[in-house]
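Rule-based calculations on the coordinates, nothing more; no lab input. Everything quoted here is computed from the prediction, not taken from an experiment. Counting neighbours? That spans all protein chains shown, and the Cβs are built from the backbone with ideal geometry, glycine included.
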Amino acid sequence: MNAVPFWVEAVVALLLVASGLFVVIAALGFLRLPGFFLRMHPPALTYTVGSWCVALAGTLYFSMLEGRLALHPLLIPVFLAITVPVTTLLLARVALFRRRLAGKADTPPPLIAKEGGEERTRP
Amino acid sequence: MSPLLFYAIAFTLGCYAVACVMVLVRLLRGPRAQDRVFALDLLYFQAMLVVLVTGILHGSDRYFEVALLIALFGFVSSAGMAKFILRGEVIE
């Protein structure tokens, strides 16, 4: 256990505060925006800026605290970069599919409208 | 730990708490099922951030593994719920 210098603590504090502010902005957008497709955008702030700020702060702080290079907090944003698009894409397809089922007028049609004369229902 | 970092961590945790309450309101109010699933996914993620910041507060590496597990379970559950709404069953 080493003593962490003050400038490192200042940088870590700055990164954490930035992450907190971005997460609040994202949650506010998620709460206030009308419509599901609009609401899908603000959480991307949390998934990218929020997680990267916290991971960088953790990397810096634990590297200085333990006196060795501690890169493991960076695993989390890398892992999220793989998993979050899958979830988001699935949920977007869910919303589009249910909208089509509800028969809203301004819904875009499927890219492949007909397949062998049979109506294609999968989104 | 200097008071600066301590108060910064307290402020960050307070921000996360406010954000969690906002997302919880959307989870309870969300007009359709996909809104609720997305809100649950975001809540999982904010809980993971809380765990990470608590790890920095206590100066312990152990919290990192908990955060990784929460992220993993959040992904699996959100993908499973989205698949269930989409197709009516999780594994076909």
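Data table
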{"quantity": "The stretch A:47-73 - residue that is aliphatic (A, V, I, L, M) and under 15 Å from the mean Cα position of the chain (by Cα) and, of those, nearest to the other protein chains (Cβ to nearest Cβ)", "calculated": "A:Val54"}
{"quantity": "Qualifying positions in the stretch B:1-49 - within 15 Å of the chain's Cα centre (by Cα) and among the polar types (S, T, N, Q)", "calculated": "B:Thr12, B:Gln46"}
{"quantity": "Considering residues of the stretch B:5-31 that are hydroxyl-bearing (Ser, Thr, Tyr) and within 7 Å of another protein chain (Cβ to nearest Cβ) only, the residue nearest to A:Phe62 (Cα to Cα)", "calculated": "B:Thr12"}
{"quantity": "Among the candidates B:Ser60, B:Ser2, residue that is among the hydroxyl-bearing types (Ser, Thr, Tyr) and more than 8 Å from every other protein chain (Cβ to nearest Cβ)", "calculated": "B:Ser60"}
{"quantity": "Top-ranked residue in the stretch B:32-50 [being without any contact (Cβ under 8 Å) to a residue 40 or more places away in the chain and more than 8 Å from chain A (Cβ to nearest Cβ); ranked as farthest from B:Ile70 (Cα to Cα)]", "calculated": "B:Arg36"}
{"quantity": "Selection count where residues are among the polar types (S, T, N, Q) and closer than 27 Å to A:Val17 by Cβ, scope the stretch B:26-55", "calculated": "2"}
